[in-house]
Amino acid sequence: MEQSFDVIVIGAGHAGCEAAHAAAQIGARTLLITMDMNKIAQMSCNPAVGGIAKGQIVREIDALGGAMGHVTDATTIQFRMLNRSKGPAMWSPRAQCDRGKFIWAWREVLENTPNLHIWQDQVRRLLVDSVPVSSAPDGPTPGVGEGLAFATPPFATHPTKTAVGVETYLGMTFRAKSIILTAGTFLNGLMHIGRVKLPGGRCAEPPSLELAESIAQHGIRVARMKTGTPVRIDARSVDFSLMTEQPGDTDGRRFSFFTESSSLSPSFSSTPSPASPTIGCKAYSPSQPLSQLPCFITYTNEAVHARLRAGLPDSPLYNGQIQSIGPRYCPSIETKLVTFPDKDQHQLFLEPEGTSTNEYYLNGFSSSLPIDVQIEALKLIPAFRNLEIFRPGYAIEYDFFDPTQLHHSLESRVISGLYLAGQVNGTTGYEEAAGQGLLAGINAARHCTGQEPLVLKRDEAYIGVLIDDLVCKGVDEPYRMFTSRAEYRILLRQDNADARLTELGHRMGVATNDRLEHYLKKKKEVERIIRFAEEYSVKMNDVNGLLESLGTAPLTRGCKLMELLGRPQLTFQNLSPALPRLRELLASVTNRQEEITEAAEIEIKYKGYIMREVEQAQKMHRLEDIRIRGRFDYSSLQSISTEGRQKLVKHDPETLAQASRIPGVSPSDINVLLVLLGR
């Protein structure tokens, strides 16, 4: 049996859900294929969303019109704003979610998204048509699962092949103009618990055994990565009195800028025009939040470490059973012991999986050691002396594809119409996957009507930083987003994601009219408050007593309120008792007062830093505007370093700015290219 769609999405993890939702929102007739409809948006590891830099990505997804922030708010059981002791560029929201309700809330969104169809099945093969283009890639076909040393045949600037559909194990053939692959850890997935090896893409779920090969045979490079997950603990066996309780924030913050029901589904045309049928997470509305639950903190000890060390000969990481590379910044407990042998304890977080389950997640104890070693070691922690578990931790190896073979649109440079998003690009994390999925969904839908793709710049979004890093630098370990990866992080704050991206999301047809109107109201109020601060004169006698009580120097002359707010000790709120007109202004902001006043205050306090980064970004944009693809035969440029020539040939960057971010291409190499361009 054969059916046709505009866009097909393979896999319903976090990347696949956002991709399918975005493509359908724009109006593309979209098919989402998943092995199990009861595992849509499954949180394979910790049921938590956000964290350092990851929280910024979720707010960007929400600002663009994605659903992850809304679903998270609907299923949150603990919310915290991390790094509040630092500047606002470092603030990062994080939410612990109810795992089961998260799945059903996402499923409710998808099943009520116009233009979106869901099919439960497994994809066996990608269907590809060849087109007669002279610049066909040559060189050997790369193997599957051969580690991170990619085979490096050159690939064509103009693909010679086009993705046209998929075949499934149930015998279905689905054809489409765009295919999005978001298969996560399922491609030739192999799980490890001690010396036990089990095929699987996730615990108790089968791997995808043929799909990676059907893609690799066309010249897309494939390698292997590893990740892992901790033991799941039965709360009835834990002595919580021996642990430190960690409550969440109580100030009512959320991920989504737009907490009302989302109005979704613009028409599919060259000029999207959002309409307004309403969908949302009716079963788990943010207006009726779930019970908030605490997390708990405990520590390993020397006895725990001794038992774990005794088990290292049976660890797949150290006995040669696993050859692939795991995430540097989320190491297993055995890796911590080997890397930090001088530490006598490691912090562990016991985190709830939901409001109606006894299952808890032990953050910080990811492991692939044998089951008996994991249990015996944990029982040496006082709070776990009577420990019972639901399942052990395990490691999983899986195939991924070289992301340097992608355009910044996430379309393959080898197979036209094929988009890749999520862990298949060598990333780790729900948020990184969802951000890629959203962009892939937008661009796959735009591809269907011949529109230019959306490419986010590094000064526009963390999602732009993520994709640019993948395409320009590639990966040699699972990629995880950090604030330190963004050179413009003062511009890319979590509080201003709507200001950066909502209007863009509306133009793309993903963010709806209601979302745009919601943001524009906020924008107007923020501008009104800033304008007041610029114009309002503060007299010494009005505030000096208050200033001294707040630990800051009194005024020696009158000044504008904006100047006064530059002091770190001062805010709109603590100044308002001395300034009646300011009190009146704040009282007039009747909706989202805290969010709006905080946004205005940050813009005022950090104006100088913000302007400096804007100027730096504008300088880099000049290099972004210089297109170099197809203008040089890099192999013949003897004035460029040998490594620079090799990297430029391999990556074939679109612009001079992209070339400058390729590891091994030096500033002097860039200067040579500028001279050759006559600049």
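Computed from backbone phi with θ = phi - 60° and the Karplus coefficients 6.51, -1.76 and 1.60, the 3J(HN,Hα) list for the range 210-215 is 10, 5, 4, 5, 5, 8 Hz; x is used for glycine and proline. The label point for Lys379 and the one for Arg84, both projected 7 Å from the Cα toward the Cβ, are 4.1 nm apart. Counting only protein chain heavy atoms and rolling a 1.4 Å probe, the accessible areas of Val455, Val675 rank, largest first, as Val675, Val455. The local environment of Ala553, defined by Cβ-Cβ distances under 14 Å, has a net charge of 0 under the rule Lys, Arg +1 and Asp, Glu -1. With the gyration tensor restricted to C-alpha atoms of the range 492-559, the semi-axes of the equivalent ellipsoid amount to 39, 13, 9 Å, longest first.
With a cut-off of 14 Å between beta carbons, the residues surrounding Lys607 carry a summed charge of -1, where Lys and Arg count +1 and Asp and Glu -1. Translational diffusion coefficient of the range 515-630 (Stokes-Einstein, Kirkwood radius from Cα pairs, 20 °C, 1.002 mPa s): 132 µm²/s. The alpha-carbon atoms of the chain define a convex hull whose volume equals 178 cubic angstrom per residue. In a simple Cβ point-charge model (Lys, Arg +1; Asp, Glu -1; nothing else charged), the chain has a dipole of about 880 debye relative to its Cα centre. Between the alpha-carbon centers of the range 90-129 and the range 600-679, tell me the distance in whole angstrom. Taking the Cα centre of each part, the range 90-129 and the range 600-679 sit 37 Å apart.
Considering only alpha-carbon pairs that sit under 8 angstrom and 6 or more positions apart, the relative contact order computed for the chain is 18 percent. To the nearest 10, the accessible area of Ser484 is 90 Å² with a 1.4 Å probe.
In order along the range 222-230, phi translates into HN-Hα couplings of 10, 9, 10, 10, 9, 9, x, 8, x Hz, rounded to whole numbers, per the Karplus curve 6.51 cos²θ - 1.76 cosθ + 1.60 with θ = phi - 60° and x for Gly and Pro.
Charges on Cβ only, +1 for Lys and Arg, -1 for Asp and Glu, centred on the Cα centroid of the chain; of Ile396, Thr229, Thr552, which one is farthest towards the dipole's positive end? Of the candidates, Thr552 comes out farthest on the positive side. Solvent exposure of the chain amounts to 39 Å² per residue of accessible area, where only protein heavy atoms count and the probe is 1.4 Å. Report the one residue of Val109, Ile10, Val675 whose Cα lies farthest in the direction of the positive end of the charge dipole of the chain (charges on C-beta: Lys and Arg +1, Asp and Glu -1; origin at the Cα centre). My answer, from the dipole projection, is Val675. Calculate what fraction, in whole %, of the accessible area of the chain sits on carbon and sulfur atoms when a 1.4 Å probe is rolled over the protein chains. The nonpolar share, carbon plus sulfur, comes to 50 percent. Measuring with a 1.4 angstrom probe and ignoring ligands and nucleic acids, Glu643 comes out at about 90 Å² accessible. Once Lys and Arg get +1 and Asp and Glu get -1 on their Cβ, which of Gln618, Pro580, Leu564 lies farthest toward the positive end of the dipole of the range 526-623? Comparing the listed Cα positions along the dipole, Gln618 ranks first.
Kirkwood's formula applied to the C-alpha pairs of the range 422-507 gives a hydrodynamic radius of 13.6 angstrom. The H on the amide N of Cys559, modeled in the peptide plane, is under 5 Å from the matching H of Val538, each at least 5 residues off or on a different chain. For His506, the solvent-accessible surface with a 1.4 Å probe is about 40 Å², rounded to the nearest 10.
Here the range 324-445 is assigned +1 on the Cβ of each Lys and Arg and -1 on the Cβ of each Asp and Glu. Its dipole about the Cα centre then comes out at about 120 debye. Using only the C-alpha atoms, the convex hull of the range 1-59 corresponds to 94 Å³ per residue.
Among the listed pairs Lys161/Lys650; Lys39/Lys650; Lys54/Lys226; Lys54/Lys650; Lys54/Lys607; Lys161/Lys226, those with a Cα-Cα distance over 28 Å are Lys39/Lys650; Lys54/Lys650; Lys161/Lys226. For the range 384-486, the dipole from Cβ point charges (+1 on Lys and Arg, -1 on Asp and Glu) about the Cα centre works out to 160 debye, to the nearest 20.
The values are calculated or read from the model by the stated rules, or taken from the named source; none is laboratory data. Not measured: the values here are computed from a predicted model. Because the Cβ atoms are built from the backbone with ideal geometry, glycine has one as well, and the counts that use them run over all protein chains shown. Accessible surface is based on the protein model in full, side chains and every heavy atom, while ligands, DNA and RNA are left aside. Shrake-Rupley method; radii C 1.70, N 1.55, O 1.52, S 1.80 Å.
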